[in-house]
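Enquirer: Take a look at this one; I'll ask things after.
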Amino acid sequence: MNKVFAGIAIALALSGPVHAWPTKPVTVVVPFPAGGSTDTLARALGPKLNEKFGQPFVVENKPGATGTIGATQVKRAAPDGHTLLVTSLGPLVIAPHLIKNTGYDPGKDFDLITVAVQAPNVLVVPAASPFKTVADVIAKQKAQPGKVSFASSGNGSSDHLTAELFWQQTGTEGLHVPYKGGAPAISDLLGGQVEASFQNINAIIEQVNAGKLRALAITSQKRSSLLPNVPTLAEAGVKGVDVYSWQAVVAPKGLPPDVRNQLHAAIVAALNDPQVRQRFTSLGFEVVANTPEEFAAFQQAEFGRWKKVIETGKITAD
């Protein structure tokens, strides 16, 4: 019997202290304006986490400087589990290559919880466009380098960098036209003021289904069930442009392990809730819900990948 008690004591000692958490409302910082994909994720998780822990998870939008203002705020917060960051890939693997002083080191200043969801980008053109295939776009770019215009939601955005990677992998050159957000970029694409764009699937699925935009290819590794007739870029002959925009949850560095474990388990459970999963799947997202260790390896790979694209394309945040 003494051996049993000794074993329990050792197990408790190894598991570390158990913290009373949360003891007050949890602030969930979203470093972008309300209404976008990242904000949608935060507001979907909030009620489920409230239900689980009995404290409000309050979304606070802190946009600016490609997401780095909100990320810096979270880095400076107490690592007690009462401040979280729900963010896109931008502040974690793109902005550090574009902005000299972000105010944080994405590899050292955060405890990674999970990559929650991911979604591919889609190469779209106006419905009246002469481009019917990816080959048509490549042929025009080779015939007239720097003339085919690609809209993006801004310098260094996922859609901008996908276009840059597309040009690098095909040995072509397009004309980048940055906008202040995805909505105005899509508006001008619909109006024919620009010729093409790599847009997140959830941002353009309705326009594609309505026949207002034509989808030429998708950047996922396999076809999307939402666009089953649209080939992947690899199927269209362009390798190495498997790209996903993703959203994740992180906390200030130094989170107590038991708090991190509770958070991770609760977020994974929330993402796998049938209603939440269905909501995101219908928008074109895939639920990832990986472990902190898997997140760390993924972040490192993405960080290196986009560093190379940005340096090769001589991209700046201006």
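Every number here is computed from the coordinates shown, using simple stated rules; none is lab data. On a predicted model such as this, the values are computed, not experimentally measured, just so you know. Counting neighbours? That spans all protein chains shown, and the Cβs are built from the backbone with ideal geometry, glycine included.
Enquirer: Over the stretch 195-294, what is the relative contact order in whole percent, taking alpha-carbon pairs under 8 Å and six or more residues apart?
Expert: Numbers: 66 pairs, mean separation 21.9, N = 100.
Rounded, it is 22 percent for the stretch 195-294.
Enquirer: Can you give the angle from 0 to 90° between the axis of helix 292-312 and the longest principal axis of the chain, with both taken from C-alpha atoms, to the nearest 10?
Expert: 30
Enquirer: Give me the net charge of Thr102's neighbourhood, meaning all other residues with Cβ under 11 Å from the Cβ of Thr102; Lys, Arg count +1, Asp, Glu -1.
Expert: Net local charge, Thr102 excluded: 0.
Enquirer: Additional query: Highest GNM mean-square fluctuation, the chain, Cα pairs closer than 10 Å: which of Ala289, Ala77, Ala217?
Expert: Ranking Ala289, Ala77, Ala217 by mean-square fluctuation puts Ala77 first.
Enquirer: Using the Cα gyration tensor of the stretch 123-221, with a ≥ b ≥ c the square roots of its eigenvalues, what is the shape: rounded (a/c below 1.5), prolate (a/b larger than b/c) or oblate (neither)?
Expert: Working: a/c = 1.42, a/b = 1.20, b/c = 1.18.
Rounded, because the longest to shortest axis ratio a/c is under 1.5.
Enquirer: How big is the gap, in Å, between the Cα center of the stretch 231-270 and the Cα center of the stretch 41-65?
Expert: So the two Cα centres are separated by 17 Å.
Enquirer: Now for a separate question. Calculate how steeply helix 2-15 sits against the longest principal axis of the alpha-carbon atoms of the chain, using the helix alpha-carbon long axis, and give the answer as 0 to 90 degrees to the nearest 10.
Expert: Taking the Cα atoms of the chain, the angle to 2-15 is about 40 degrees.
Enquirer: Compute the helix-to-body angle for 37-53: its Cα long axis versus the longest principal axis of the chain, expressed 0 to 90° and rounded to tens.
Expert: Computed tilt is about 20 degrees.
Enquirer: What is the antiparallel percent of DSSP beta bridges lying wholly in the chain, to the nearest 5?
Expert: Restricted to the chain, the bridges split so that about 60 percent are antiparallel.
Enquirer: Expressed as a rounded percentage, what relative contact order does the chain have, with Cα pairs under 8 Å and six or more residues apart?
Expert: For the chain, the relative contact order is 25 percent.
Enquirer: With n ≥ 4 as the cut-off for DSSP H runs, can you work out [θ] at 222 nm for the chain, using -39500 (n - 2.57) per run divided by the number of residues, rounded to the nearest 500?
Expert: Helix contribution divided over all residues of the chain: -12500 deg cm²/dmol.
Enquirer: How would you rank 20-27, 62-69, highest first, on the average number of other Cβ atoms within 10 Å across their residues?
Expert: Descending packing order for the listed peptides: 62-69, 20-27.
Enquirer: For the stretch 78-125 and the stretch 133-193, what is the separation of their Cα centres, given in Å?
Expert: 24
Enquirer: Next up: Please compute the contact order of the stretch 144-189 in relative form: average sequence separation of alpha-carbon pairs under 8 Å and at least six residues apart, divided by the residue count, as a percent.
Expert: Computed value for the stretch 144-189: 51 percent relative contact order.
Enquirer: While we're here: Could you state the principal axis extents of the C-alpha atoms in the stretch 240-318, from the largest down, to the nearest angstrom?
Expert: In descending order, the Cα extents are 41, 36, 25 Å.
Enquirer: Between Lys253 and residues 5 or more places away or on another chain, which pairs have amide H atoms under 5 Å apart, with H built 1.01 Å from N, and which residues are they?
Expert: The list, which skips near neighbours in sequence, is Phe110, Asp111.
Enquirer: Give the range of the longest stretch in the chain that excludes all trypsin sites (Lys or Arg not before Pro) found in loop regions by DSSP and having at most 13 other beta-carbon atoms within 10 Å.
Expert: Working: sites that count: Lys100, Lys108, Lys132, Lys147, Lys180, Lys222, Lys239, Lys314.
In the chain, the maximal stretch lacking such sites is 1-99.
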